[in-house]
1. Going through segment A:136-168 one residue at a time, which ones are under 19 Å from A:Leu335 (Cα atoms), assigned to a loop (DSSP other than H, G, I, E, B) and either open to solvent by 20 Å² or more (accessible area, probe 1.4 Å) or at the interface with another protein chain (Cβ under 9 Å from one of its Cβ atoms) (or both)?
2. Checking the conditions here, which among B:Glu381, B:Glu359 is within 20 Å of A:Glu144 (Cα to Cα), open to solvent by 20 Å² or more (accessible area, probe 1.4 Å) and not β-branched (Val, Ile, Thr)?
3. Can you name the condition, by its number, that A:Ala416 falls short on among (1) outside any helix (DSSP H, G or I); (2) without any contact (Cβ under 8 Å) to a residue 24 or more places away in the chain?
4. Just wondering, is there one or more residues in segment B:7-28 that are small (Gly, Ala, Ser) and at pLDDT below 95?
5. Could you please tell me which pairs satisfy a Cβ distance under 6 Å, a separation of 6+ or placement on different chains, a first residue in segment B:252-276 that is under 27 Å from B:Lys311 (Cβ atoms), and a second residue that is of a type in the set (Asp, Glu)?
6. Listed residues B:Phe367, B:Phe337, B:Phe342; which is open to solvent by 10 Å² or more (accessible area, probe 1.4 Å), within 14 Å of chain A (Cβ to nearest Cβ) and touching a strand residue (DSSP E or B) at 6+ places or on another chain (Cβ under 7 Å)?
7. Hey, can you tell me all the residues within segment A:370-418 that are more than 9 Å from chain B (Cβ to nearest Cβ), of a type in the set (Ser, Thr, Tyr) and crowded, with 24+ Cβ neighbours inside 10 Å?
8. Are there any pairs with C-beta distances below 6 angstrom linking a residue in segment B:305-327 that is touching a residue at least 12 places away in the same chain (Cβ under 8 Å) and closer than 16 Å to A:Leu145 by Cβ to a residue that is in a helix (DSSP H, G or I) and open to solvent by 50 Å² or more (accessible area, probe 1.4 Å), with the two at least 6 apart or on different chains, and if so which?
Amino acid sequence: MSTQPLAAKPAKAPAKEAVKDASMLKQKEMMAAHYDRLSASPETGEKVVCTFVPGNLNELIMCFDLANNLPEVNAIQSGLRRQSGAYVMEAEKAGHSEDVCTYVKSDVGMIAKGNIGPNGKKLPDPDLLLLSYTGCFTFMKWFELLRERYSCETIMLHTPYVADGKITQNMVDYMVRQLKEEVIPTLERVSGVKFDIDRLREYLKQSAKAEDDLVKVLQSAMNKPSPIDGYFGGIYYIGPIFGAFRGTQDAIDYYRFLLEEVEERVAKGLGPVTPDGDMGEEKYRLVVEGPPNYTSFRQFWKMFYDEGAVVVASSYSKVGGVYDFGFRHDPERPLETLAEYCLGVYTNRSLPMRVDMLASYIEDYEADGLLINSIKSCNSFSAGQLLIMREVEKRTGKPAAFVETDLVDPRYFSAANVKNRLESYFQMVDQKRAGVRSAA
Amino acid sequence: MTMSGTKVSGTKAIIERCQSLFDDLHFTAAREWKTAKSGRKVIGYMPIYVPREIIHAADMLPLGVLGGGDQLEVIHGDAYYQSYICRIPRSTIELGVSGRLDFVDGMMFPSICDVIRNLSGMWKMMFPDVYVRYFDVPQNYADDIGGSYYVGELAELRDDLGKLRGSPITDDELRNSIEVYNENRKMVGELYDFRAKTPWQAPAAEAYLVLRAGMVLPVEEHTALIADYLAAAKAEKRPMRDNCRIVLTSVFCEQPPLNLIKSLELAGCYVVDDDLLLVTRWLTEDVPTDGDPIQNLADAFLHHSESTAAKYEPNQAEKGQYLVRAVKRTGAEGVIFAAPSFCDPALLDRPMLQNVLSEANIPYIAFKYAENSGQMQPIREQAGTFADSIKLWSAA
């Protein structure tokens with residue numbers, strides 16, 4: 001038996017710093033400032049409202065000088081920082097089922113462990129929960145859970161589901177009545193600020209400006225090569241407008257800055273910037289349905305760009321608002337426009353509407369096919385995706401594929417499995433192309 | 001033979017009839033109803049609640065579609081769902097693609113969760129000739145807000161079904177249907193009261209089968225069936241076991257296997273209340289039969305309807321209190337949470353309900369099932385241990 005000491009393990013090489021373009025750095029500063037604002041609120045006296053990304057009424061929230069805290073974004077941040085796994089297990093230890101949404105469990109676990117935000121400081125207890133019940137059943141239970149914890153005032157804003165593909169007057173009237181008679185009076189009471197509809201109009205005007213530029217950015221992917229990745233990169237692009245910045249001058253500046261950056265890339269014929277620098281040759285153009293995995297975000301993205309695959313359009317980049325089919329916040333109809341915004345978000349759309357959208361992306365962006373990243377703990381997205389896949393395939397004649405991961409639970413990200421499936425999919429696209437060429 | 005001998009055969013015959021309706025995944029009874037008269041139509045609905053009065057008022061048969069249970073082999077349905085989605089949508093798809101629902105003229109998908117919501121869109125794509133309605137209900141209970149919206153939704157449903165029939169549904173037809181369903185709810189209430197008082201006289205599996213028959217039978221026939229069962233069950237003397245009394249909860253959507261319900265009682269737990277087939281008692285008071293019938297249905301939904309996980313509870317102090325009240329009302333000694341695997345409403349609500357029960361010093365246990373769960377031994381052991389511990393605590 002050897003008595004020699006084991007060789008010392010070589011020190012792990014530090015992770016290579018991700019390459020970021022200027023807009024990403026700018027956004028990082030915006031997010032950092034926002035988190036600092038939130039964690040400083042007990043000292044500044046600023047009141048805090050928690051709400052959700054789909055159906056986020058940021059313009060209205062700003063009318064009452066409230067700071068917007070989004071638990072979904074906090075869960076994403078925990079996922080990206082690889083803290084969510086421990087949070088999820090903490091929540092499960094406290095009795096939350098292994099079967100349910102991991103955003104919720106990450107949030108509940110984070111709160112149980114001191115509610116430390118991405119800036120390393122404690123996030124404030126909310127003064128108000130604005131339960132914008134839009135496109136996701138879990139939202140309702142999530143805020144009932146938070147209400148149990150914080151015992152703070154909670155407002156329900158119910159967005160009816162657009163099951164028949166059209167927004168009806170009854171739906172809009174219902175939402176406007178909720179806004180007028182319950183949401184706004186409660187916001188006034190909690191904040192102590194009187195509602196000023198002209199102030200709302202101003203914010204909505206600013207929203208529309210940023211939305212114009214966001215759409216131009218997302219649609220720049222119609223170029224070949226695409227200057228952006230509309231899924232992995234898209235997560236960054238949607239950050240400010242889906243978060244606490246829609247309606248602000250900051251958002252206008254950010255999207256103008258981003259658009260200029262993207263236009264410059266188009267002019268130079270460049271592809272997207274990836275964490276490893278400029279992407280090489282664009283070999284595959286994909287449309288992706290479903291949220292990403294956040295615990296292995298960079299590794300997941302790398303599986304695409306290493307193969308020369310760029311995502312030209314995604315449904316997830318519409319989860320906090322669908323703007324590329326013409327909708328803009330309209331300052332002339334301030335409450336109605338908020339209602340229509342909520343009604344139109346991606347997860348509030350029926351499955352046939354989702355199929356229409358994805359099929360049109362494949363056509364409009366000249367994509368090679370559809371890839372679905374199905375999320376274990378998100379029924380709103382996942383239930384029905386196998387039929388969506390078949391329908392889009394049937395309609396477009398383009399191949400589709402399916403991978404399975406989770407939002408922020410690292411136990412459900414199997415890198416080898418996902419990579420195998422992606423590689424098979426790219427081979428399928430090659431074969432399809434070869435078939436088309438030989439038939440021509 | 002005891003004096004109750006004939007009565008025993010009375011319940012036996014009724015339960016056999018209910019069991020055969022339960023086992024029949026081709027819905028023969030509903031098919032026969034449809035073919036008995038030309039022009040008849042059948043509207044399927046899933047859990048948790050639809051206003052069956054409006055379907056009835058259109059001379060149509062409301063048909064409860066509750067998945068495939070443990071006897072249906074799911075061949076096609078699994079190809080539509082990932083492994084981490086509950087079983088009821090896949091077996092419902094199986095019922096559809098295998099032709100078992102080919103006589104159904106419309107399907108209604110209530111607002112209960114995202115899976116059933118999305119199934120409404122799938123049904124539209126897969127069965128384009130069938131009337132499909134996602135039935136949204138308000139989560140706001142103010143008359144002029146949620147109430148107005150709901151009146152609009154009910155009016156739209158009424159209009160749609162009138163078009164499907166070929167003539168509008170009149171107010172009088174609606175009033176008549178409301179009356180018919182008031183009767184049915186009254187009889188269901190009597191069944192539940194009777195079981196709560198004397199659970200050995202109306203075993204949970206029997207009460208369930210009697211209630212379940214109402215998913216496929218015309219309501220008038222179902223009301224009579226409950227009355228017959230109650231008369232037979234009251235006349236019968238059955239041995240009272242040394243069981244504890246429990247409320248069974250979270251079983252409001254995907255149905256537990258019949259064996260699971262039987263196993264609970266065999267393990268020593270009398271079920272004295274439950275949230276099975278809530279559609280039969282969703283409205284907790286009679287709906288008025290005078291005035292505007294649509295408004296009356298809306299008012300009943302807003303102000304006199306059951307609490308459950310699919311509904312928002314605006315008042316924090318009220319959260320879960322319905323369960324505490326059910327325990328007190330029925331003299332139950334504990335609560336069993338039996339949730340279908342991957343059921344968002346039941347599983348997300350459970351920690352909050354358990355906290356409420358803890359505060360009220362009400363013991364509980366929890367487990368999961370699927371509609372096709374076959375192995376009951378672990379459930380029987382868990383329920384048996386629960387029953388023993390309740391007896392131990394109450395004796396201490």
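The values are calculated or read from the model by the stated rules, or taken from the named source; none is laboratory data. None of the values given here were measured: they were computed from a predicted structure. Cβ coordinates were reconstructed from backbone atoms using ideal geometry, including for glycine residues, and neighbour counts include every protein chain displayed. Calculation scope for accessible area: heavy atoms of the full protein, side chains included, ligands and nucleic acids excluded. Shrake-Rupley method; radii C 1.70, N 1.55, O 1.52, S 1.80 Å.
1. Residues satisfying the conditions are A:Pro160, A:Tyr161, A:Lys166, A:Ile167, A:Thr168.
2. B:Glu359
3. Checking A:Ala416 against (1) outside any helix (DSSP H, G or I); (2) without any contact (Cβ under 8 Å) to a residue 24 or more places away in the chain, the one that fails is (1).
4. Yes, that holds for at least one residue.
5. B:Phe252/B:Asp275; B:Glu254/B:Glu371; B:Gln255/B:Glu371; B:Pro257/B:Asp70
6. Exactly one of B:Phe367, B:Phe337, B:Phe342 is open to solvent by 10 Å² or more (accessible area, probe 1.4 Å), within 14 Å of chain A (Cβ to nearest Cβ) and touching a strand residue (DSSP E or B) at 6+ places or on another chain (Cβ under 7 Å), namely B:Phe367.
7. A:Thr405
8. none
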